[in-house]
Each structure stands twice: as structure tokens, then as C-alpha cells.
Amino acid sequence: MTAEDLKVVPLTEPGQVQHACPCMEEVPTPWPDALGACRDWIAGHLGSLIEGLHLQQRGGEVIGNMYYGFSERALIPYEIEAGVAILYCEWVQRRHQGHGYARQLFESLTERLSRQGTKGILVEASSGEEGMPYGHLFRAGFKPIEVVGARRLMYFPLAQQSVTARPLKTRIVAQDRQPVEVLAFSGGFCPCETATSLAALGVAREFGERVILKEVPITVENVRAYGTASGVYVNGRPIPDDGVPEEAIRQAIRQALERD
């Protein structure tokens, strides 16, 4: 495949979102409901909470993406000065990796943002290879500016060499209570996180009145109110948000019930 066979396409119409989240199309997705929910969420918030670039083959197949937003309506738990882009998700399908396509996407993003006068790009990096891996971002030119637990906030300068960003305080507190409270953030662009939330809500209903469900839409206001932007919490204790099996969620609820 040559460079002429590919183009970077900005997401401007909700109809384009039917090809969003190409990470889920490399193999038959294990989370079709979560994928559909994410595509619906992106379509409903395109141009407000989320922007996107797709790397598209000549025939229309999407093989990569960059999803981003801006600090004025950031969906990461930081207080950030205005005029900064937030990179949420970067992906090139595994069979197409190693050919410079991620760089092609990133150069298109930086050119686009520079024309808009954006100060720079922030990203919340992960320590492992999943999500937004620190090593990959460091090699791309991002520099760490804040470390909060396992989270590393990194910055790529455009019009401004540094920016102000302060982590929000997490306001979800672990406490033993009956009925058990299952709090799950809903919405967003990540099928893995959405799959965990959908599974948690379904499993929690199995326990009837012993469990209280609290579904929190992912909004700017809720990120600020809770000090976090995603996840499932059983009595305030987080469980992994990476598409964990339903039995792991069920076990977390049973353990909370036994603490009474």
C-alpha cells in the first residue's frame, strides 16, 4: 500500500462515525453493543466534546484514528488553561503498523491545530502498551509535565512551550455501605471502557435491592464533579475498565456485600 492509497479525513458529519473505533474491526469485536454505543456517543458529541481524524484507504476502509478535544471542554481530570488540545485516542490497526501511518496522522493533526492557533497538545499517558503508551508518546516528542499515580500527563508544544494543568481531586471515596452502590460512567469513545460499564450495570441488576445503580454520563460537568472521567466503582472501589469479564464484576459486588 502506497501513500497515494491513503488519506487523512477529518470527521465533520455524524455519518462518518459508522467507521469509528477501527481498533474493534481488526477481528470480530467481542463487544458489539459497546462499539455501537461508542459510535452513537461520538456522533452525538462530534464538534463539541470530541473531534476526529480517520486514516482511510482508497476504498473507504478506516485503518486508523486520532480522537481529540479541547481544554475548554476537557474529558480528562485536570484543570487546564484555554486553547490546548487534548489527544484522547490514537490507533493504527496492527496489520498496518510499522509503516509510518501513525506519524502521518499526527502530522495532519499538528498542522490542523497549528492553523487554528492551538497552544499545544496534552495527553494522559499509560505506563503499559495499551491505551496511550508513554514510550510511544515520548518518542513522538511529548514530554511529561505531571505524574499522578499511574497517570502521566504529557505535552507537545505548538504555539506555546508550556501550559498550566492541575489534576482534579478524585471525589469518589471507598466506603462500606449497604445496599452496595455500583457507580458506572456511561458514554464515551472507548469500547473497552464502555464494555465494562455495560457489563457492570447488567450484573448489578442481578442482585436486586441489595445493589443501588448509579449511572453517570460522561460530561464536562461530571468529570469536574467526580474528579475522574471513566470507570466502574463498587462502593467507591474501582475495578479495571478494560472490558473485564462479567464474573470479575460479580465477584467485586459479592465481596462488597460480605463486608457488611
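The values are calculated or read from the model by the stated rules, or taken from the named source; none is laboratory data. Given the structure is predicted, the values throughout are model-derived calculations rather than measurements. So basically every Cβ, Gly included, is an ideal-geometry build from the backbone, and we count neighbours across all protein chains shown.
Quick check, is Ala199 aliphatic (A, V, I, L, M), outside the structural domain of His19 (by TED's automatic domain parsing), touching a residue at least 40 places away in the same chain (Cβ under 8 Å) and closer than 25 Å to Glu79 by Cα?
So Ala199 does not fit the description; no.
Name every residue in segment 203-228 that is part of a helix (DSSP H, G or I), more than 15 Å from Arg254 (Cα to Cα) and of a type in the set (Gly, Ala, Ser), in order of residue number.
Residue satisfying the conditions is Ala225 alone.
Residue check: is Val223 in contact with a helix residue (DSSP H, G or I) (Cβ under 6 Å, 6 or more places away or on another chain) and either modelled with pLDDT of 95 or more or not polar (S, T, N, Q) (or both)?
no
Hey, any hits in segment 46-65 for a residue that's assigned to a helix (DSSP H, G or I) and either within 17 Å of the chain's Cα centre (by Cα) or surrounded by 15 or more Cβ atoms within 10 Å (Cβ to Cβ) (or both)?
Checked segment 46-65: no residue is assigned to a helix (DSSP H, G or I) and either within 17 Å of the chain's Cα centre (by Cα) or surrounded by 15 or more Cβ atoms within 10 Å (Cβ to Cβ) (or both).
Can you tell me which residue among Glu90, Glu107 is in the same structural domain as Ser48 (by TED's automatic domain parsing), more than 19 Å from the chain's Cα centre (by Cα) and modelled with pLDDT of 95 or more?
Glu107
Restricting attention to segment 3-31, which residues are within 20 Å of Asp242 (Cβ to Cβ) and either assigned to a loop (DSSP other than H, G, I, E, B) or more than 17 Å from the chain's Cα centre (by Cα) (or both)?
Hits for segment 3-31 are Ala20, Cys21, Glu25, Glu26, Val27, Pro28, Thr29, Pro30, Trp31.
Search segment 184-225 for residues being aromatic (Phe, Trp, Tyr) and in contact with a strand residue (DSSP E or B) (Cβ under 7 Å, 6 or more places away or on another chain), and hand back the single one that is surrounded by the fewest Cβ atoms within 10 Å (Cβ to Cβ).
Phe189
For segment 227-244, check the following and say yes or no: at least one residue is of a type in the set (S, T, N, Q), within 16 Å of Ala174 (Cβ to Cβ), surrounded by 14 or more Cβ atoms within 10 Å (Cβ to Cβ) and not assigned by TED's automatic domain parsing to the domain that holds Cys38.
Yes, because at least one residue in segment 227-244 is of a type in the set (S, T, N, Q), within 16 Å of Ala174 (Cβ to Cβ), surrounded by 14 or more Cβ atoms within 10 Å (Cβ to Cβ) and not assigned by TED's automatic domain parsing to the domain that holds Cys38.
Is segment 176-183 home to any residue that is in contact with a Gly (Cβ under 7 Å, 6 or more places away or on another chain), surrounded by 14 or more Cβ atoms within 10 Å (Cβ to Cβ) and modelled with pLDDT of 95 or more?
no
Restrict the check to segment 180-202 and report whether at least one residue is within 30 Å of Glu81 (Cβ to Cβ), aromatic (Phe, Trp, Tyr) and assigned to a strand (DSSP E or B).
yes
Quick one: in segment 125-155, of everything that is buried (at least 20 other Cβ atoms within 10 Å of the Cβ) and touching a residue at least 24 places away in the same chain (Cβ under 8 Å), which residue is nearest to the chain's Cα centre (by Cα)?
Restricting to residues being buried (at least 20 other Cβ atoms within 10 Å of the Cβ) and touching a residue at least 24 places away in the same chain (Cβ under 8 Å), the top hit is Ala125.
Can you find a residue that is acidic (Asp, Glu), outside any loop (DSSP other than H, G, I, E, B) and surrounded by fewer than 20 Cβ atoms within 10 Å (Cβ to Cβ) anywhere in segment 79-90?
Within segment 79-90 (the criterion being acidic (Asp, Glu), outside any loop (DSSP other than H, G, I, E, B) and surrounded by fewer than 20 Cβ atoms within 10 Å (Cβ to Cβ)), the answer is yes, since at least one residue qualifies.
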